[in-house]
Amino acid sequence: MIKVTLPDGSVKEMAQGVSPMDVAKSISEGFARNVISASYNGTTIETTTELTTDGTLILYTFNDVAGKKAFWHSTSHVMAQVLEEMFPGIKLTLGPAIDNGFYYDVDFGDLKITDADFKQIEDRILAVSREKHEFKMRSVSKAEALEVYKDNEYKIELISNLEDGTITFCDHANFFDLCRGGHIPNTGIIKAMKILSVAGAYWRGDEKNKQLTRVYGISFPKQKDLTEYLELLEEAKRRDHRKLGKELDLFHFSPKVGQGLPLWLPKGAALRDRLEQFLKKAQKKAGYEQVITPHIGMKDLYVTSGHYAKYGADSFQPIHTPNEGEEFLLKPMNCPHHCEIYNARPWSYKDLPKRYAEFGTVYRYEQSGELHGLTRVRGFTQDDAHIFCTADQLDSEFKNVIDLVLYVFGSLGFENFTAQVSVRDLDNPDKYIGDVANWEKAENAIISAAKDKGLNYVIETGEAAFYGPKLDFMVKDALGRSWQLGTIQVDYNLPERFELTYKGADDKLHRPIMIHRAPFGSMERFIAILLEHTAGNFPLWLMPEQAIILSLSEKYENYAKKVLELLENHEIRAVVDNRNETIGRKIREAEMQKYPYMLIVGEEEEKNGTISVRTHGQEGKGNMTLTIEDFASMINEEIKKTLKDF
């Protein structure tokens with residue numbers, strides 16, 4: 001007999017050799033019908049794997065992330081089978097599950113897959129799935145695997161890096177593939193699927209390698225789930241920040257300036273500035289001091305910090321000056337510069353904490369294939385700050401930063417989020433720098449603060465920064481997508497590397513602890529996510545223009561200008577549309593530009609000193625006639641409700 005521990009702490013004594021599916025059935029036949037994957041002692045296994053030792057078993061359904069991963073990875077096997085049937089002679093490479101679905105990278109040789117093939121591929125995948133083929137793992141020797149794939153250089157490369165005795169194939173129907181495992185019980189569970197797109201992808205992500213064709217797909221256990229997902233995709237297309245950014249005149253990319261280097265247009269610059277001023281005001285109240293650092297630094301600065309070793313390959317090439325051996329880098333991070341600001345003078349424990357804040361632009365040479373609108377760029381501005389404090393101050397300073405992040409989220413309508421404590425991967429110590437004892441202290445400090453603040457948090461192993469653990473905020477947007485926004489990191493290592501000190505009460509020199517924090521993360525990425533979350537309907541306080549004044553004809557141009565002046569006196573941002581166009585067209589275009597309020601002025605309004613107020617998205621419903629003062633009061637009250645002081 002073996003003892004199988006379940007997530008709720010209960011223990012089942014089962015016969016040795018029992019499978020996860022047997023355990024599921026012992027709980028409930030109804031529950032077992034929904035189980036599609038499992039893990040034992042932290043390792044993903046098949047639902048048919050024999051359990052031979054005591055351990056902890058987790059059973060997954062499609063509602064679990066791990067369950068979806070197994071479901072989508074299994075579907076990628078079926079898609080690979082169908083692609084081989086339809087396109088004889090192709091070479092398969094890798095087919096992993098991703099956050100939403102799966103892909104398979106394929107060398108099609110002289111053949112080509114197009115949108116016209118999608119329906120036939122989908123129909124064939126569903127036909128194979130209905131045959132309920134079981135997924136079965138089997139071990140093969142390295143020699144056998146190399147022989148089987150002797151004509152596929154991609155699989156040969158993968159196998160060559162594996163140890164003999166660790167190589168497995170997965171079989172289903174008449175198809176097999178090199179695979180580590182993690183599958184659903186059989187293909188019959190796949191009830192709906194869609195080929196989403198095809199794209200180019202370099203083998204192993206290296207531009208020096210051959211470009212393959214990446215086939216993206218997604219699948220579900222119910223047709224209803226697929227229908228809902230496709231509707232969500234259409235809504236995501238409508239909300240795409242690249243589309244909205246163009247429509248709202250916020251930003252632009254120029255090939256002459258360079259890929260991944262956004263140009264902020266006047267409206268976008270105004271939006272950015274308002275976000276900056278919003279955070280600067282809160283930071284000032286929280287005791288931060290604003291600093292400014294250059295866009296470049298000596299290469300040795302980033303060697304000292306460890307950023308060169310970490311980001312050197314992803315950075316722009318060093319800038320060589322006329323002085324022999326002198327090299328500069330475009331800065332990949334702001335922290336080394338802030339360390340040198342701290343180092344500019346000696347400090348006492350009475351001076352701490354020191355809180356330096358900067359909207360600092362940094363640069364990383366991301367691969368061109370990974371660039372995506374504002375979410376992945378080569379030059380971006382971080383709302384960076386670094387706090388230098390004593391050990392006694394760490395807990396309160398960390399909690400104060402949590403309060404600031406929550407204030408930012410609340411003011412911008414991000415209400416659904418989870419805190420993620422990102423810690424080291426103990427199995428890969430080479431990924432990190434610094435003393436193990438300091439890492440433990442830092443990780444414990446973050447977990448303690450998260451508990452005390454009552455955050456809903458999870459612990460993610462291997463997600464820490466190379467110099468320290470962090471608290472990341474995973475925010476769900478209006479479409480239910482999860483984004484990492486806001487991060488707080490505890491760092492014992494950079495103070496060591498830069499030999500930062502302060503004089504303690506004992507008159508001896510001590511190392512400060514460094515807290516890194518960025519509530520927005522990067523301005524570019526944050527604005528992209530905010531655009532998609534709000535569909536361009538930003539909170540009223542943030543809108544570049546809060547109202548547009550529409551005159552019924554040119555006769556009322558002077559009154560429209562008077563309204564504008566009065567609104568500006570009340571600090572309301574507005575513009576006038578005096579074009580010789582019909583009022584219907586003006587309203588339609590104002591709706592497209594997402595002005596929160598349209599103020600229509602004509603003969604009646606001029607005579608009575610009023611405005612006819614139309615709200616964005618109301619389609620003529622609820623129009624009201626107000627005095628300018630009443631409208632201004634309404635706007636300012638609405639802003640106060642959203643934008644409370646920190």
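The values are calculated or read from the model by the stated rules, or taken from the named source; none is laboratory data. If you're wondering where the values come from, they're calculated on a predicted model, not measured in any experiment. Cβ coordinates were reconstructed from backbone atoms using ideal geometry, including for glycine residues, and neighbour counts include every protein chain displayed.
If a residue must be at pLDDT 90 or above and β-branched (V, I, T), how many such residues does segment 425-457 contain?
So the count comes out to 2.
If you go through segment 595-604 one residue at a time, do you hit one that is under 42 Å from the mean Cα position of the chain (by Cα) and among the charged types (D, E, K, R)?
No, there is no match, as no residue in segment 595-604 is under 42 Å from the mean Cα position of the chain (by Cα) and among the charged types (D, E, K, R).
Just need a number here: residues in segment 492-532 that are under 18 Å from E440 (Cα atoms) and either without any contact (Cβ under 8 Å) to a residue 24 or more places away in the chain or in a loop (DSSP other than H, G, I, E, B) (or both).
So the answer is 3.
Quick check on segment 155-177: of everything there that is in a loop (DSSP other than H, G, I, E, B) and of a type in the set (V, I, T), which residue is surrounded by the fewest Cβ atoms within 10 Å (Cβ to Cβ)?
T166
With surrounded by fewer than 16 Cβ atoms within 10 Å (Cβ to Cβ) and not basic (K, R) as the only criterion, which of N493, N456, N438 stands out?
None of the others qualify; the one that does is N456.
Residues in segment 618-631: is at least one under 30 Å from L406 (Cβ atoms) and exposed (fewer than 13 other Cβ atoms within 10 Å of the Cβ)?
Checking segment 618-631: not a single residue is under 30 Å from L406 (Cβ atoms) and exposed (fewer than 13 other Cβ atoms within 10 Å of the Cβ).
When you scan segment 575-593, do you find a residue that is surrounded by fewer than 14 Cβ atoms within 10 Å (Cβ to Cβ), modelled with pLDDT of 90 or more, hydroxyl-bearing (S, T, Y) and farther than 28 Å from K246 by Cβ, even just one?
no
Being modelled with pLDDT of 95 or more, surrounded by 14 or more Cβ atoms within 10 Å (Cβ to Cβ) and under 22 Å from G260 (Cβ atoms), is that true of even one residue in segment 304-311?
No, there is no match, as no residue in segment 304-311 is modelled with pLDDT of 95 or more, surrounded by 14 or more Cβ atoms within 10 Å (Cβ to Cβ) and under 22 Å from G260 (Cβ atoms).
Check off (1) modelled with pLDDT of 95 or more; (2) surrounded by 15 or more Cβ atoms within 10 Å (Cβ to Cβ) for G602 and give me the number that stays unchecked.
Condition (1) is where G602 drops out.
Scan segment 412-421 for residues that are within 30 Å of L271 (Cα to Cα) and either part of a strand (DSSP E or B) or basic (K, R) (or both) and jot them down.
Across segment 412-421, the qualifying residues are F417, T418, A419, Q420.
Would segment 567-584 turn up any residue that is in contact (Cβ under 8 Å) with a residue 12 or more places away in the chain, assigned to a helix (DSSP H, G or I) and either under 30 Å from Q283 (Cα atoms) or under 42 Å from the mean Cα position of the chain (by Cα) (or both)?
Within segment 567-584, one or more residues are in contact (Cβ under 8 Å) with a residue 12 or more places away in the chain, assigned to a helix (DSSP H, G or I) and either under 30 Å from Q283 (Cα atoms) or under 42 Å from the mean Cα position of the chain (by Cα) (or both).
What is the residue count in segment 19-67 for residues that are surrounded by 15 or more Cβ atoms within 10 Å (Cβ to Cβ), over 27 Å from the mean Cα position of the chain (by Cα), of a type in the set (S, T, N, Q) and assigned to a loop (DSSP other than H, G, I, E, B)?
Total satisfying the criteria: 4.
For segment 197-211, how many residues meet the condition of being in contact with a Phe, Trp or Tyr (Cβ under 6 Å, 6 or more places away or on another chain) and either among the hydroxyl-bearing types (S, T, Y) or crowded, with 18+ Cβ neighbours inside 10 Å (or both)?
1
Residue by residue through segment 422-463, note down the ones that are among the aliphatic types (A, V, I, L, M), touching a helix residue (DSSP H, G or I) at 6+ places or on another chain (Cβ under 8 Å) and assigned to a loop (DSSP other than H, G, I, E, B).
Matches in segment 422-463: I433, L455.
For segment 456-481, give me the residue count where each residue is over 24 Å from F388 (Cβ atoms) and out of contact with any Phe, Trp or Tyr (no Cβ under 9 Å at 6 or more places or on another chain).
Looking only at that region, the number is 11.
So that you can scan it fast, the table gives a plain yes or no per residue for (1) more than 15 Å from K194 (Cα to Cα); (2) under 35 Å from the mean Cα position of the chain (by Cα); (3) without any contact (Cβ under 8 Å) to a residue 12 or more places away in the chain:
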site: T93; (1), (2), (3): yes, yes, no
site: A97; (1), (2), (3): no, yes, no
site: R138; (1), (2), (3): yes, no, no
site: F169; (1), (2), (3): yes, yes, no
site: A173; (1), (2), (3): yes, no, no
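Report, by residue number, each residue of segment 461-473 that is within 15 Å of the chain's Cα centre (by Cα) and either at pLDDT 90 or above or surrounded by 24 or more Cβ atoms within 10 Å (Cβ to Cβ) (or both).
Once the filter is applied, which keeps residues that are within 15 Å of the chain's Cα centre (by Cα) and either at pLDDT 90 or above or surrounded by 24 or more Cβ atoms within 10 Å (Cβ to Cβ) (or both), segment 461-473 yields L471, D472, F473.
Taking into account only those residues within segment 178-193 that are under 31 Å from the mean Cα position of the chain (by Cα) and buried (at least 21 other Cβ atoms within 10 Å of the Cβ), which is nearest to I45 (Cα to Cα)?
Step by step, filter segment 178-193, then rank; the result is G182.
Do any helices (runs of 4 or more DSSP H) entirely within segment 284-401 hold 2 or more residues that are closer than 16 Å to I515 by Cβ, and if so, which?
Fully inside segment 284-401 and qualifying: 335-342.
How many residues does segment 635-646 contain that are surrounded by 14 or more Cβ atoms within 10 Å (Cβ to Cβ) and assigned to a helix (DSSP H, G or I)?
5
Could you tell me how many of the residues in segment 203-236 are in a strand (DSSP E or B) and among the aliphatic types (A, V, I, L, M)?
Total satisfying the criteria: 3.
Those residues that are within 27 Å of Q120 (Cα to Cα) and assigned to a strand (DSSP E or B), I need them from segment 136-154; list them, please.
Within segment 136-154, just K136 meets the criteria.
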